[in-house]
Amino acid sequence: MTRPLQIYIKTYGCQMNERDSAALAGKLMRLGHAMVEREEEADVLIFNTCSVRDQAERKAVGKISYLKKLKRRKPELLIGVIGCMAQNRGESLFRELPHLDFVVGTGQLHQLPEIIASLREDRRQIARLATGSEVLTEMGVHQPEAKLSDFIAITRGCNRFCAYCIVPYVRGREISREIGDVVAEARELVANGTREIMLLGQNVAAFGWNGNVNPPPDDVSPFADLLKELQQIEGLYRIRFTSPYPSYFNAKLIAVMAECSKVCHSVHLPLQSGSARVLKAMNRQYTPEQYLQIVGALRQAMPDIAFSTDVIVGFPTESAAEFEETCQLMERVGFDNAFIFKYSPRAGTRSAEMPDDVPQAVKEARNQRLLQLLSASAWRNNRQLVGTCQEVLVEGPSHRNPARWTGKTATAKSVMFAPQPSVRRGDLHRVTIARVTDMTLFADDIPDLPSE
Ligand code: SAH
Ligand code: SF4
Ligand code: F3S
């Protein structure tokens, strides 16, 4: 092994990238390296990047260009790009950012320790490029220190090819792990102290369905079979998952979710648009009516369920009337949370061939309107919780005010409550909700503060 290095990792993008960064950190730490939080202290700077929107790429490129000066002062410093933008842009990144030492794609992260070691050993070596298709290796690597809530990647890649989306190109074809593998990984995490597991996949509910884009019949759901197995793990309190494509919520999955007490009643259900025509143009496989049916079936089985979603505004050809349909659908569902994105054309995708014809100002206005609707529906939903008793998974002192503790409900809402000697991080604790905002719930044991 080379001498221990100080390594800094910055992560952009989705939870899959967060998981990959954490796994990479775990692996590097096991090899004797240390993770640092400040760029100036590092021997190696790693940027785990996202390509889903132009802004995500520009942010990372801007940041890395800025490091040219640091590299000049400290020539032994290694700087590398990994993740989706590495996969997407490959070799051309070396032309754009000539001070880069390595570019490693999403499927080649297992090669990184070796790449870093060889670049450190021989500084005359030219920069290294490793990109290619996703592999299922090293799925079960975690950081040595247990996290209260941790990720498990159960599928990688995506076969759906929504017209706007670059993910199938950068993450490759969809692959699922074996149930036994996932359960073994979950057991190990729980034995180390993890209490909540977030199952990850671009199309997570399609787990075990062999990459088939047509969802299984009503009585088949390998994903539900996995949930049932995870429910059996003693010491595991909560099971979450993201992101499920709406069409995979069949009767079996909904019934299993309702019967498994550890499966949280909170679903991130990407909508994208409330217009049938736009959904079709996006190559989404459901209509607004079908989306509402799924929401209705989930609510009927779990009346306290909370929904969050993703919406794209300004997809090519989206008219004002079609946008109104999205607003109406948002109102009807009453989401607790939503990520609203302005459409960003991605080279190589199908919709990039259509003119990006909705003006930026219109996209901005539509974005603002949906954020207002969201804030109103989240506040309405939270109001309903005043006076109810909620179970929270205790996280510990709040960052902003350590005199208060924070935790999350099964519906993924943050709750502030007063610390008590008998209540520790990782406990399930019951509190009564006294007041709410659109973002946070406050327990009745918290005194009012003038700042609120
Ligand atoms: N696999 C996830 C989505 C991952 S990308 C799923 O299907 O649920 C996260 C979100 O980014 C998408 O749901 C979509 O709303 C948004 N997005 C993807 N491509 C985009 C683009 N080209 N422009 C704007 N938003 C986009
Ligand atoms: Fe992208 Fe669609 Fe796959 Fe999600 S399901 S990652 S939006 S192609
Ligand atoms: Fe971005 Fe890659 Fe995730 S493109 S959203 S980091 S899969």
Fill in the blank from the handout: Quick calc: nm separation of the 7 Å Cα→Cβ label points for Ser414 and Asp445 -> 2.0
Exercise for the section: Output the relative contact order of the chain, whole-number percent, from Cα pairs under 8 angstrom with separation of 6+ residues. Expected result: 9
Practice task
Let me know the charge dipole size of the range 389-443 about its Cα centre in debye, to the nearest 20, where only the beta-carbon of Lys, Arg (+1) and Asp, Glu (-1) is charged.
Solution key: 100
Problem - Given charges at beta-carbon only (K, R positive; D, E negative), |dipole| of the range 146-264 in Debye - result: 380
Completion exercise
When Ser273, Ser377, Ser422 are arranged by how many other beta-carbons sit within 10 Å of their Cβ, fewest first, they go Ser422, Ser377, Ser273
Exercise for the section: Could you work out the local net charge near Val431, counting Lys and Arg as +1, Asp and Glu as -1, over the other residues with Cβ closer than 9 Å to its Cβ? Expected result: -2
Practice task
Would you mind counting up the charge near Lys69? Only other residues with Cβ under 13 Å from its Cβ, with Lys and Arg at +1 and Asp and Glu at -1.
Solution key: +4
Problem - Cα gyration tensor category, rounded, prolate or oblate, for the range 6-128 with a/c compared to 1.5 - result: rounded
Handout entry: Those lysines that a straight Cα-Cα span of less than 28 Å connects to Lys68, excepting residues fewer than 8 apart in one chain
Key = Lys10, Lys27, Lys59
Fill in the blank from the handout: With Asn250 itself left out, Lys, Arg at +1 and Asp, Glu at -1 over residues whose Cβ is under 12 Å from its Cβ give -1
Exercise for the section: Under 19 Å Cα to Cα from Lys262, which aspartates and glutamates show up? Leave out anything in the same chain fewer than 8 places away. Expected result: Asp150, Glu185, Glu188, Glu196, Asp225, Glu229, Glu234, Asp304, Glu391, Glu395, Asp427
Practice task
Kindly point out, ordered by number, any Cys in the chain whose beta-carbon has no other cysteine beta-carbon under 4.7 Å away.
Solution key: Cys14, Cys50, Cys84, Cys158, Cys260, Cys264, Cys327, Cys389
Fill in the blank from the handout: What helix-only [θ] at 222 nm does the chain give? Using -39500 (n - 2.57) per DSSP H run of at least 4, over all residues, to the nearest 500, the answer is -10000 deg cm²/dmol
Practice task
For a footprinting-style exposure proxy, rank Cys327, Cys389 by other Cβ within 10 Å, fewest first.
Solution key: Cys389, Cys327
Exercise for the section: First measure r as the distance between the Cβ atoms of Asp181 and Ala352, then evaluate 1/(1 + (r/R0)^6) with R0 = 51 Å and state the FRET efficiency to the nearest 0.05. Expected result: 0.90
Handout entry: Net length gained if the chain between Arg73 and Gln231 were fully extended (0.36 nm per residue, minus Cα distance)
Key = 51.5 nm
Handout entry: Residues Met416, Met439 arranged by fewest to most Cβ contacts within 10 Å
Key = Met439, Met416
Completion exercise
Taking Cα pairs closer than 8 Å and at least 6 residues apart, the relative contact order of the range 1-155 in percent is 24
Exercise for the section: Would you mind checking Lys63/Lys363; Lys228/Lys252; Lys342/Lys408; Lys280/Lys342; Lys63/Lys413; Lys252/Lys280 for any pair whose Cα atoms are more than 21 angstrom apart? Expected result: Lys63/Lys363; Lys342/Lys408; Lys63/Lys413; Lys252/Lys280
Handout entry: Contact order normalised by residue count of the range 301-409, Cα under 8 Å, 6+ apart, percent
Key = 26
Exercise for the section: Note the full-extension length gain between Arg424 and Glu324 as 0.36 nm times their separation in residues minus their Cα-Cα distance, in nm to one decimal. Expected result: 31.3 nm
Exercise for the section: Have a look at Val81, Ser65, Leu100 and report the one farthest towards the positive end of the charge dipole of the range 65-109, computed about the Cα centre with Cβ charges (Lys/Arg +1, Asp/Glu -1). Expected result: Ser65
Fill in the blank from the handout: For Ala361 and Glu18, extending 7 Å from Cα along the Cα-Cβ vector and measuring point to point gives, in nm, a value of 3.7
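Read the figures in this text as sums done on the coordinates, not as results from a lab. As the structure is a prediction and not an experimental result, all values here were calculated from the model. Here Cβ is always computed from backbone atoms with ideal geometry, including for glycine, and neighbour counts include all displayed protein chains.
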